[in-house]
Amino acid sequence: MTLFEQHQLPCILESRLSKRYQTLIMEHMTVNSSNAPGVKSLRHHTQSWASTQATWRFYHNEDVTFPMLSGPMLGLARSGVKESQSRYVLMAHDWCHINFAKHHSKLDKTKMSHALDVGYELQASLLVDANTGAPIAPAGLNLLTSNGIYQCRSQELQPKQSHLDSLFDSIHWQEQLHLDKPLVHVVDREADSAKDLRRLGSVHWLTRTKKGSTFRHEDQFKTAEIISRTISPDLKGVISLRGKEGYLFVGETTVELHRKSEKLASAAPTCRFVMSLVTDDEGKELARWYLLSNVLDVDATEIATWYCHRWNIESWFKLLKSDGHQLEKWQQTTAESILKRLITASVATTLIFKLYSDSSDEANEFKGFLVKLSGRLTKRTKPVTQPSLLAGLWVFLQMCEVLDTYTMDEINAMRQIASSFFAQSV
């Protein structure tokens with residue numbers, strides 16, 4: 001049974017290309033080093049050039065389009081949402097700079113924050129379980145270049161847009177996916193724009209606002225900071241924030257999505273204003289968030305917890321970059337090739353997400369086995385991490401290939417040879 005058949009994933013590529021795609025996904029089940037960021041080869045180790053050429057031909061085949069490559073990724077997203085026990089599913093959105101300042105062969109790079117921050121900007125959407133905070137699957141990838149925007153849902157290069165225009169186009173497309181559960185789109189302060197939030201209409205959203213942003217509250221325009229002083233937050237429990245435990249205090253009120261600088265012809269819609277405060281044992285403030293949301297049928301504590309879950313997209317970016325695939329070291333010379341490989345790597349990380357969130361005895365035993373194979377030291381409070389699973393899985397896949405290639409007699413003979421160099425260590 002193939003990988004796509006096992007997970008019942010859609011792929012309309014012809015058989016030869018589909019087989020190559022599945023091989024590439026498995027070859028991305030690894031943690032790359034910064035000086036060797038290329039695709040690894042599971043088979044034909046003596047023919048690495050042939051493997052490299054096959055990969056190049058695959059990504060440059062005219063039938064291998066972004067929507068076709070995204071089919072399995074969206075298939076995993078659909079099945080993950082269906083398996084989730086939460087009432088809502090979160091869609092975390094964020095932007096990530098991919099710096100290629102030292103890669104002079106990439107001619108379609110764009111300048112981002114400053115002259116040395118040159119490369120591509122990734123706008124990504126990650127589905128997250130609202131109850132557990134576990135990542136499910138990416139459901140949107142946009143790559144900004146100097147020429148325009150490449151999108152996983154369209155093969156054509158799209159014209160440049162502002163951050164919010166591009167984001168809202170993605171949100172409306174994701175709403176049309178008709179996933180099994182309603183989505184709540186979670187965005188950081190980038191979406192702190194009253195007029196743009198009003199554009200979303202009935203779409204469920206959650207965002208963080210700046211302390212100086214104004215809203216109409218109790219018939220007066222007030223800043224978020226002043227509004228928060230009218231709220232008496234209650235202690236809701238202990239949460240984990242960026243690896244540290246803290247006490248969560250939550251309070252809420254209602255505001256109108258109307259800025260002091262705006263003139264509206266009609267009444268502005270109302271939304272929830274949730275103040276979330278996290279302190280340590282001594283009462284020192286660790287974080288304070290002013291949150292806005294139009295989701296009305298959940299407790300304010302759940303709103304605050306959902307925003308904490310948004311951090312998973314940052315962890316995923318780290319897995320794509322320094323903790324895993326070394327994205328900023330990739331040698332592909334165009335944004336089109338980068339995005340195609342990025343979609344492939346995203347399918348691989350999604351399969352890791354699936355294993356990571358599985359709490360069955362069988363899955364826990366396998367995860368412990370992979371961590372041991374990875375050779376990595378993990379915290380006692382967090383014995384399994386996604387990078388350690390990737391590292392261990394690659395070792396395991398190589399072990400399986402060795403067992404398919406050599407007999408036990410040949411392997412024991414290799415052990416004898418090794419012992420002459422390393423004594424009884426082998």
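The values are calculated or read from the model by the stated rules, or taken from the named source; none is laboratory data. Owing to the predicted nature of the structure, the values given are computational and were not obtained by experimental measurement. Using ideal geometry, Cβ is built from the backbone for each residue, glycine included, and neighbour counts are taken over all protein chains shown. Protein only, heavy atoms only, side chains kept; ligands, DNA and RNA dropped before computing areas. Shrake-Rupley method; radii C 1.70, N 1.55, O 1.52, S 1.80 Å.
Kindly provide the set of residues from the stretch 209-240 that are within 30 Å of the chain's Cα centre (by Cα), basic (K, R) and either assigned by the TED database to the domain that holds I171 or surrounded by fewer than 18 Cβ atoms within 10 Å (Cβ to Cβ) (or both), ordered by number. Passing the criteria: K210, K211.
Whether any residue in the stretch 142-161 is on the phi > 0 side of the Ramachandran plot, touching a Leu at 6+ places or on another chain (Cβ under 9 Å) and of a type outside the set (A, V, I, L, M) is what I want to check. Let's see the steps before the verdict.
So the first thing to find is which residues in the stretch 142-161 are on the phi > 0 side of the Ramachandran plot, and the list is 148.
Among the residues that remain, those that are also touching a Leu at 6+ places or on another chain (Cβ under 9 Å) are: 148.
Within this subset, residues satisfying the condition of being of a type outside the set (A, V, I, L, M) are 148.
Yes: one or more hits.
Scanning the stretch 101-121 for residues that are in contact with an Asp or Glu (Cβ under 9 Å, 6 or more places away or on another chain) and either assigned to a strand (DSSP E or B) or buried (at least 22 other Cβ atoms within 10 Å of the Cβ) (or both) turns up T110, K111, G119, Y120. Across the stretch 118-148, the number of residues qualifying as aliphatic (A, V, I, L, M) and without any contact (Cβ under 8 Å) to a residue 24 or more places away in the chain comes to 1.
Open to solvent by less than 10 Å² (accessible area, probe 1.4 Å), part of a helix (DSSP H, G or I) and not acidic (D, E): is that true of L342 in this structure?
Numbers: open to solvent by less than 10 Å² (accessible area, probe 1.4 Å): yes; part of a helix (DSSP H, G or I): yes; not acidic (D, E): yes.
Yes; evaluated as a whole, the condition is true for this residue.
Look through G148, G133, G140 and report the one residue that is touching a helix residue (DSSP H, G or I) at 6+ places or on another chain (Cβ under 6 Å), open to solvent by less than 10 Å² (accessible area, probe 1.4 Å) and either over 20 Å from A348 (Cβ atoms) or not assigned by the TED database to the domain that holds V64 (or both). The unique qualifying residue is G133. The residue that is modelled with the lowest pLDDT, among those in the stretch 383-426 that are open to solvent by less than 100 Å² (accessible area, probe 1.4 Å) and among the charged types (D, E, K, R), is E401.
Across the stretch 284-306, which residue is most open to solvent (accessible area, probe 1.4 Å) among those that are modelled with pLDDT of 95 or more and in a strand (DSSP E or B)? Per the criteria, the residue is Y290. Restricting G212, G251 to residues that are touching a helix residue (DSSP H, G or I) at 6+ places or on another chain (Cβ under 8 Å) and without any contact (Cβ under 8 Å) to a residue 40 or more places away in the chain narrows the list to G212.
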